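Student: I have a structure I would like to understand better, so I am pasting it below and will then ask my questions one at a time.
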Amino acid sequence: MGIRVGVDVGGTFTDVVLLGDDGRMVARKVSSTPEDYSRGIAEGVAAALADCGATPGDVASLVHATTVATNTILEQKGARTGLITTRGFRDVLEMRRLRIPVMYDLQYEKPAPLVPRRLRQEVDERLGPDGAVRRELDAASLDAAVEELRREGVEAAAVSLLHAYANPAHERRVADRLREAFPNGLYVTSSSDILPEIREYERTSTAVVNAYIGPVVQRYMETLLDRLRELGVDCPVHIMQSSGGVMSVEAAGRKPACMVESGPAAGVMACARLARGTGLDNLISFDMGGTTAKAAMVEGGQAARTTEFEVGGGINLSSKLIKGGGYPVKLPFIDVSEIGAGGGSICRVDGVGRTRVGPRSAGAVPGPVCYDLGGVDPTLTDALVAIGYLNPDYLVGGSLPLNTAKALAVLEDRVARPLDRPLAEAAHGVLALACATMTRAVKAVTTYRGRDPRDFVLAAFGGNGPVLGVEIARALQIRRVLVPPVPGVFSALGLLYSDPEQEFTRTVMIRAEGADADAVAAAFDGLEAEARAAMVADGFPAEAVTVERLADLRYAGQAYELTVPVAPGTPNLRAMARAFDREHERTYGHPSEGDPVDLVNVKVLARVAVDTPEPNRRLLPAPPATLGAPRDVYFGPADGTRETEIVARTGLNGDWREGPVIVEEYDATCVVPPGCRARLDALGNIDIAVDIRP
């Protein structure tokens, strides 16, 4: 029996899904182990294998989503990194762009560069924007720069020379010299390899981020592979990319910047598949776990993508209007908006009675107070237990019993009493504040993008997404919520349906109309050959590789581009320009037809389609006999406390069931408040009709 394994590591739980060739599926949630994430992965995989009576040798492949790249930047624990750049461009990382995330904060401090100034070295050389050599690379200045980095003991180095996207020759010479000078090994990233595109700052920043996290990611991969081999799992391992595709461990080691948003992308890809399966064109993906809540948009069954992303600047609102707070990584990303609000988000009341929920989180250790593992700060999970949304005896199938008394005590002492409010009302207020924060994440990928959220269906998943999904939908006047099967491990399941892919790009910078179509075709052909060779090098048969062509265009004089698909063969440049007009109108509400259009970049996306069976049997722990006992639940001032039915997912059918009702599962809890209705659709999704209140 061949088993595919999906592993999604979050801040609180590690989710493991096993899927056999026969469609048999097993899911496991275990606590994450921040001191060594590979230990939690091995424990989860071993437990899941035991659940289905399989052995480690039955595992045919493993796909992994991880936050290690992001955490390395957030915690500033990357490698000691140097930078070699063209003389006069040493301070590009300091100068950044003019944008800052806050306009009127006089105390705002921009993030410190990942490479301090003393580790940024210059060399004498100069290329033109067409790639022509205007000044040869000076060997003496290169030797001096390399010697200084060697003396400083750097572990990694980024190379970013002016206009290297047009001619990588000088960067390659610098990279070769660096490797010669560090015989014991040096992690080197050349900007022309990671991002051969225009824009000096973004290209330099992307190269630096890649170098900064490279050694850490490589060590993590080695530890993970060793841990899996100790378990007896010896199979191909792939890593989820920020773009929604997967890549080999070897490719991840070369381009770790591609996995910065590895975890959130998996859930969005699962939602795109859900949209296609249900025949819904427009979905909003809402993934809420223990630490963060993520939102993304699916249109026409396809996840929205972007290349504008900043990591390390706090909460990512994925908005073109909010930039400058982090480190740009100009690579393909699923367009995800992320908010620091999850089950572990800490609630605090300051001296003037102002209440905040998040972004600080109790995480997996010590966790919420009700986990009884040493947590002392009240969290959203404690509030959900206090109002009756969560069953203290059936979290993660009962493997994590909750201490309700401690949750009530800390909420009374730290929230209710300072606010002079009844406990239930104060706890529900914590929920309301968290929901208000999370609606910003949904607006960032809809309203801020010119889309009306009322035209979408909200797909709620993650450990806490189904708990708050209806409340988020009400706030945005969304009339329908879908909760897929196994919502708590939905992202891990999505890993198994993600295709291996790699994207390659090249700047051409020409006026679209009147350009030489054969020259553009030659650029595409060259990229396509490079992409196919890369996929074959990763072990995929050449005949299985499919290629998609894309182009970045903009109106003459604009600063940023939009991406449009390009048909195979010799490109029709006039058709490309008209496709750009339509995309500009869809994105910004208006075209500028007749204005000249510039073709900035050509791109090729190489992909290998995976053949993964649909789950037909889900082997999950059976619910306890007491699951059906009703309990009192407080739904806020408008609805008060209601005796609420508690059912398993199998307790629903195709007929509408009036709320309030709570659906409890091994991996998640779904709350259907008063006034709403729920049923099961033909695919086993919980379909909730939401009452819109003024």
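Student: Across the range 548-601, what is the number of residues that are assigned to a helix (DSSP H, G or I) and either closer than 26 Å to D452 by Cα or touching a Leu at 6+ places or on another chain (Cβ under 6 Å) (or both)?
Tutor: Matching residues across the range 548-601 total 11.
Student: If a residue must be hydrophobic (A, V, I, L, M, F, W, C) and either surrounded by fewer than 16 Cβ atoms within 10 Å (Cβ to Cβ) or free of Cβ contacts under 8 Å to residues at least 24 places away in the same chain (or both), how many such residues does the range 101-117 contain?
Tutor: 4
Student: Scan the range 444-483 for residues that are of a type outside the set (A, V, I, L, M, F, W, C) and within 20 Å of I334 (Cα to Cα) and jot them down.
Tutor: Within the range 444-483, T446, T447, Y448, R449, G450, R451, D452, P453, G462, G465 qualify.
Student: When you scan the range 163-263 for strands (runs of 3 or more DSSP E) that lie fully inside it, which ones turn up with 1 or more residues that are in contact with a helix residue (DSSP H, G or I) (Cβ under 6 Å, 6 or more places away or on another chain) and not assigned by TED's automatic domain parsing to the domain that holds S285?
Tutor: 187-190, 237-240
Student: While we're on this one: Considering only the range 382-425, how many residues are touching a strand residue (DSSP E or B) at 6+ places or on another chain (Cβ under 9 Å), over 25 Å from V352 (Cβ atoms) and assigned to a helix (DSSP H, G or I)?
Tutor: 5
Student: Looking at (1) within 30 Å of G57 (Cβ to Cβ); (2) in contact with a Lys or Arg (Cβ under 7 Å, 6 or more places away or on another chain), which is the only condition E202 fails?
Tutor: That leaves (1) as the condition not met.
Student: Something else now. Filter the range 53-95 down to the residues that are touching a residue at least 40 places away in the same chain (Cβ under 8 Å) and part of a helix (DSSP H, G or I) and list them by number.
Tutor: Those that are touching a residue at least 40 places away in the same chain (Cβ under 8 Å) and part of a helix (DSSP H, G or I): P56, G57, D58, V68, A69, T70, T72, I73, L74, V92, L93, M95.
Student: Residues in the range 322-381 that are over 30 Å from F504 (Cβ atoms), of a type in the set (G, A, S) and in a strand (DSSP E or B): how many?
Tutor: Matching residues across the range 322-381 total 3.
Student: So, one more: Out of V415, V410, V396, report the one residue that is among the β-branched types (V, I, T) and modelled with pLDDT under 90.
Tutor: Selected residue: V396, the only one of V415, V410, V396 that is among the β-branched types (V, I, T) and modelled with pLDDT under 90.
Student: Please go through the range 6-29 and give me each residue that is closer than 19 Å to S262 by Cβ and touching a residue at least 60 places away in the same chain (Cβ under 8 Å), ordered by number.
Tutor: Within the range 6-29, G6, V7, D8, V9, G10, G11, T12, F13, D15, V16, V17, K29 meet the criteria.
Student: State yes or no: is T355 crowded, with 24+ Cβ neighbours inside 10 Å and polar (S, T, N, Q)?
Tutor: For T355, the condition - crowded, with 24+ Cβ neighbours inside 10 Å and polar (S, T, N, Q) - is not met.
Student: Going by the structure shown, is P116 in the same structural domain as R150 (by TED's automatic domain parsing) and modelled with pLDDT under 90?
Tutor: Judged against the criteria, P116 is not a match.
Student: Restricting to the range 291-313, and then to whatever is assigned to a loop (DSSP other than H, G, I, E, B) and out of contact with any Leu (no Cβ under 9 Å at 6 or more places or on another chain), can you tell me which residue is modelled with the lowest pLDDT?
Tutor: The extreme case among them is G313.
Student: Right, here's the next one. Based on this model, can you work out whether G388 counts as at positive phi and crowded, with 18+ Cβ neighbours inside 10 Å?
Tutor: Criteria met by G388.
Student: Looking at (1) hydrophobic (A, V, I, L, M, F, W, C); (2) touching a Phe, Trp or Tyr at 6+ places or on another chain (Cβ under 8 Å); (3) assigned to a helix (DSSP H, G or I), can you tell me which one A50 breaks?
Tutor: That leaves (2) as the condition not met.
Student: Could you check the range 542-577 and list, in sequence order, the residues that are in contact with an Asp or Glu (Cβ under 8 Å, 6 or more places away or on another chain) and crowded, with 17+ Cβ neighbours inside 10 Å?
Tutor: The answer is V547, R549, D552, L553, R554, Y555, E561, L562, T563, V564, L573, A577.
Student: Continuing with this model, one more query. Is it the case that the range 67-87 has a residue that's surrounded by fewer than 22 Cβ atoms within 10 Å (Cβ to Cβ), in the same structural domain as L162 (by TED's automatic domain parsing), out of contact with any Leu (no Cβ under 8 Å at 6 or more places or on another chain) and farther than 26 Å from G342 by Cβ?
Tutor: So far as the range 67-87 goes, yes, one or more of its residues are surrounded by fewer than 22 Cβ atoms within 10 Å (Cβ to Cβ), in the same structural domain as L162 (by TED's automatic domain parsing), out of contact with any Leu (no Cβ under 8 Å at 6 or more places or on another chain) and farther than 26 Å from G342 by Cβ.
Student: Return the pairs, sorted by first residue and then second, in which the second residue is outside any helix (DSSP H, G or I) and among the aromatic types (F, W, Y), the first residue lies in the range 462-483 and is within 20 Å of E665 (Cβ to Cβ), the beta carbons are less than 6 Å apart, and the residues are 6+ apart or on different chains.
Tutor: G465/F286; V467/Y389
Student: Out of curiosity, is A266 more than 23 Å from A434 (Cα to Cα), crowded, with 24+ Cβ neighbours inside 10 Å and within 13 Å of the chain's Cα centre (by Cα)?
Tutor: yes
Student: Can you say whether V30 is in contact with a helix residue (DSSP H, G or I) (Cβ under 6 Å, 6 or more places away or on another chain), β-branched (V, I, T) and either surrounded by 18 or more Cβ atoms within 10 Å (Cβ to Cβ) or in a strand (DSSP E or B) (or both), as far as the supplied structure shows?
Tutor: The answer is yes for V30.
Student: Among the residues of the range 473-495, is any out of contact with any strand residue (DSSP E or B) (no Cβ under 8 Å at 6 or more places or on another chain) and of a type in the set (F, W, Y)?
Tutor: no
The values are calculated or read from the model by the stated rules, or taken from the named source; none is laboratory data. In this text, all values refer to a predicted model and were calculated from it rather than measured experimentally. Counting neighbours? That spans all protein chains shown, and the Cβs are built from the backbone with ideal geometry, glycine included.
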